[in-house]
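Readers should treat all values here as calculations from the given coordinates under stated rules, not as data from a laboratory. This is a predicted model, so every value here is computed, not measured. Positions of Cβ are generated from backbone atoms using ideal geometry, with glycine treated the same way; all protein chains shown enter the neighbour counts.
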Amino acid sequence: MVNEGITMRDPVNADNTESVDYAVGQVARVAAVSVRTLHHYDEIGLVSPGRRTAAGYRRYSEADLQRLQHVLFYRELGFALEDITAILDDPATDTLAHLRRQHELLTRRIDRLRSMAAAVEHAMEANVLNIPLTPQERFEVFGDFVPEDHDEEARRRWGHTGTWRQSRAKMAAMTKADWARFTGEAAQTVRDFTEAYLAGVPATGERAMELAEGHRAHLTRWCYDCSYDLHRGLGDMYVADGRFAAGYEASAAGLTSYIRDAIHANADRAEHSG
């Protein structure tokens, strides 16, 4: 929240006879924006302080902070400042409507990032250049993600292994429908892990381990024979490689480590049961 942590009262309001308001420096620190940014927002009428002191200093009210919070949400979602001004000044839109709109937009972005994370994950695990797709089909499948960008890295990491050769052969045989099922399953796995994590299911619990086993089976079915040792290594790589982590963390902070821990717990269970 934008106003989280702001507790200092204006000295002129110390007797509680007026509403609490905040200095520009306080607002800048808590909202993680610069004072210059706040001055600019004031100058263009986007977020103007509710009052000024006799000396001309800006003082922001709770309502001003709420408006700033909406501005920062929309800015994060890529809206231009002039568009944000029009949105916030629409008399037909109240605070709840803004929050609903922001929630919808953020949900769309999360779904997109989940899909991209699944595509990046499997593109880095194996070379996907030989998937027999037309240019139009490749755009439908990958969007603006370019598998070739990761080809050299994948070759460098796994090109000398039998796993690489097996994965390359399986990927080359995939049709467009196969690839859609493959990425759809991967995205569902991320959603399931996210749901379990947010619900407080322990990574060493039965549910999380079953999800890890499902992930291992998914890789074996579509890519290569994924042993438990290999699966452990993938879990460790997800945490160590910031690109994997960025995709998972978009769903929930801490999700990457949770997936890694569930993978390790599942592998431990298999070893002990064997």
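Of the chymotrypsin sites (Phe, Trp or Tyr not before Pro) in the range 27-76, the ones in a loop by DSSP (not H, G, I, E or B) with at most 16 other beta carbons within 10 Å are Y57. Applying the Kirkwood pairwise sum to the alpha-carbon positions of the range 11-93 produces a hydrodynamic radius of 13.5 angstrom.
This model, with +1 at the C-beta of Lys and Arg and -1 at the C-beta of Asp and Glu, gives the range 11-93 a dipole about its Cα centre of some 340 debye.
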